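The values are calculated or read from the model by the stated rules, or taken from the named source; none is laboratory data. Since the model is a prediction, treat every value here as computed from it, not as a measurement. Note: ideal-geometry Cβ built from the backbone for every residue, glycine included; neighbour counts use all protein chains shown. The protein model used for the area step is the full one, side chains on, heavy atoms only, and it has no ligands, DNA or RNA in it. Shrake-Rupley method; radii C 1.70, N 1.55, O 1.52, S 1.80 Å.
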Amino acid sequence: MFSSIAPLARLNPFYAPHLQLVQDGVRKRPEPAEAPTTRRSLAAAAAAEEYSCEYGSLKFYALCGFGGVLSCGLTHTAVVPLDLVKCRMQVDPQKYKSIFNGFSVTIKEDGVHGLAKGWAPTFIGYSMQGLCKFGFYEVFKILYGNMLGEENAYLWRTSLYLAASASAEFFADIALAPMEAAKVRIQTQPGYANTLRQAVPKMFGEEGIWAFYKGVAPLWMRQIPYTMMKFACFERTVEALYKYVVPKPRSECSKAEQLVVTFIAGYIAGVFCAIVSHPADSVVSVLNKEKGSSASQVLVRLGFRGVWKGLFARIIMIGTLTALQWFIYDSVKVYFRLPRPPPPEMPESLKKKLGLTE
């Protein structure tokens, strides 16, 4: 069995590094570096550029987590009206036929203030998610990078970003699930509850603690692919922009110019994120509205066309959200003078092995 699985595993696009060494006609993978030097080199750079802390220190992780709280909590709360209409289109497409129709019906029935329904669980839930998402991403990126060694961390950098972001999002969704469940109830079940204080005790009284976590598996289905795309696409887009688009090296760009690059890369990543995660998002919305349904039952009932309802609204929302999140997150790093490593470059030791230097 395992002998048949192994060849298939090698076909996955992230199995092999982008570069391989060739010696005496035999293709070899590069040996891991004896000791990772990334943290040491960045620590030295920190002293030179007067960073407020060392790369990979507890203070660095804490401030990255704080940046995640601001970037996710503020942006998701700002787009609550669009998110509300998107959720209602997913669970009741007959009534809410389009974005503009959804806004019109909502305002007609609930008034303008009705567009803000669910803002409290959104702010709390996504602040907690942002804390774990961005904070743990930095933790896992450094941890996995040091495990691989400097050379392999460069060669396998896309896989490194995917693994680090998936690991971080696993914990982030556990933090998000209770507030996401309450938010969907408030937004999609008329008369159920108007505020978080009304929704929480009612949910607990009806279904117990399970009411807050029954959507965690669909959340993983939605958020882990979303976050993997968000971080890996962002990191590689930034690398490509500085290599092919920006007319000067990153070190010569001002902080403002660097933040513009961050925003553009974030928006590009956001569009792909929305497409990859939308089917699971539809399942989460319906699942939290209904009692006694499973994710597989909802998926079968919605069908292929049903899971794509509200995609255009979500592309607008997620594209803008992702761009703003990366902009805010990077701005927090600039404000607190945190180390911000440039796009990765091939280590000198690898250049020598590949014969790229004399």
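Counting only other residues whose beta carbon sits under 9 Å from that of Val284, what net charge do I get with K and R as +1, D and E as -1? Its environment carries a net charge of -1. On a per residue basis, region 126-166 carries 30 Å² of accessible surface, using protein heavy atoms and a 1.4 Å probe. Sequence-ordered 3J(HN,Hα) estimates for region 99-112 from the Karplus curve with 6.51, -1.76 and 1.60 and θ = phi - 60° stand at 4, 5, 5, x, 5, 4, 5, 5, 5, 5, 8, 10, x, 4 Hz, glycine and proline given as x. With semi-axes defined as the square roots of five times the eigenvalues of the C-alpha gyration tensor, the equivalent ellipsoid of region 319-358 measures 34, 14, 5 Å, largest first.
The distance between label points at Gln297 and Ser52 comes to 5.0 nm (points 7 Å beyond Cα on the Cα→Cβ vector). In terms of overall dimensions, region 206-358 has a Cα radius of gyration and Dmax of 20.4, 72 angstrom.
Cα extents for region 284-358 along the principal axes, largest to smallest and rounded to whole angstrom: 65, 36, 24.
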